[in-house]
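Visitor: Let me begin by handing over the structure; questions about it come next.
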Amino acid sequence: MKHVVHLFFVAWLVALCVSPDNAKAQVTFQNLDFESAILSPAPPNQYPNLVPISSALPDWTGYLGAEQQTQVEYNALTLGDANIAVLGPTWSTSEPGIIDGNYSVLLEAGAVPSGYTGNASIEQTGTIPANAESMQLKAWVYGNPSDFGISFAGNTLTPILLSSGASYNTYGINIAPYAGQTGSLEFSAIFDTQGATWINFDDISFVLTPEPSIVALTAIGGLLFGARKRFARR
């Protein structure tokens with residue numbers, strides 16, 4: 001009987017641990033769809049149009065080469081310079097364009113402020129959900145697709161094309177080996193001497209392994225509780 005009682009409480013505790021509220025709490029990365037921007041409308045392609053990165057890309061850190069940026073462009077592109085840009089509601093160009101919602105991010109590799117050439121990157125530190133199978137995102141890539149750099153905790157991740165669209169493609173990345181780990185998630189436009197690299201992307205998300213529902217686990221607990229009562233009568 002003691003074993004049955006123990007199993008009942010184990011099932012109850014597991015049900016609490018995998019409840020929807022606890023599953024959501026595992027995702028510590030923020031602003032993965034870039035919709036947290038706090039920006040006023042701006043005319044398109046009015047270069048330069050620098051805004052604080054804290055307002056344009058909350059929760060993200062930006063780099064041109066190895067140089068951390070305190071400002072990024074808003075609705076503005078460059079021709080040959082490394083650039084991090086947020087494209088907002090008044091942006092009307094289709095490529096690169098706003099992929100979804102009100103904001104998307106554009107990374108351009110090229111000349112950095114100190115005079116040399118380098119990558120354009122954004123990164124954020126967080127914990128991969130413990131039950132993550134993969135990561136998905138939408139992106140438009142101008143240049144060599146291999147110049148779209150994605151890494152976690154210094155480990156290179158390889159985006160796999162899942163579907164093609166008129167203005168963007170959907171990519172999947174195997175993130176399961178890093179499930180439950182904490183580290184820096186980084187996206188880069190990698191400088192290529194053979195030509196320009198522009199990466200326009202949006203809607204980063206984690207695909208999670210389905211978990212037993214709390215209803216199912218509670219039912220199991222109920223069965224075990226019933227079994228305990230039957231054993232108690234013997």
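Visitor: Name all residues of the stretch 54-70 having a backbone nitrogen under 18 Å from the label point set 7 Å from the Cα of N102 along its Cα→Cβ direction, giving them as ranges.
Guide: Inside the label zone: 54-60.
Visitor: Between T170 and S146, what is 0.36 nm times their sequence separation minus the Cα-Cα distance? Round to one decimal in nm.
Guide: Numbers: separation 24, 0.36 × 24 = 8.64 nm, distance 1.51 nm.
So the extension gain works out to 7.1 nm.
Visitor: Can you grab the distance from the C-alpha centre of the stretch 169-185 to the C-alpha centre of the stretch 64-84, Å, no decimals?
Guide: 25 Å
Visitor: Assigning unit charges at the beta carbon (Lys, Arg +1; Asp, Glu -1) and nothing else, what dipole magnitude in debye, to the nearest 20, does the stretch 53-140 show about its Cα centre?
Guide: On the way: 1 positive and 9 negative charges, 10 e Å.
Approximately 40 debye in magnitude.
Visitor: Would you please state which residues of the stretch 91-113 a label at N45 would reach in this model, taking the label point 7 Å out along Cα→Cβ and a backbone N cut-off of under 15 Å?
Guide: 91-98
Visitor: Where the only charges are on Cβ atoms (+1 Lys, Arg; -1 Asp, Glu), what is the dipole of the stretch 28-208 about its Cα centre, to the nearest 20 debye?
Guide: Numbers: 1 positive and 16 negative charges, 9 e Å.
So the magnitude is around 40 debye.
Visitor: Quick one: net charge of G143's neighbours, Cβ under 11 Å, K/R +1, D/E -1?
Guide: Values: positive: none; negative: E108, D147, D192.
Surrounding charge for G143 is -3.
Taken together, the values in this text are just the output of simple stated rules run on the coordinates, not laboratory data. These figures come from a predicted structure and were not determined experimentally. In this analysis, Cβ positions are derived from the backbone assuming ideal geometry, glycine residues included, and neighbour counts consider all displayed protein chains.
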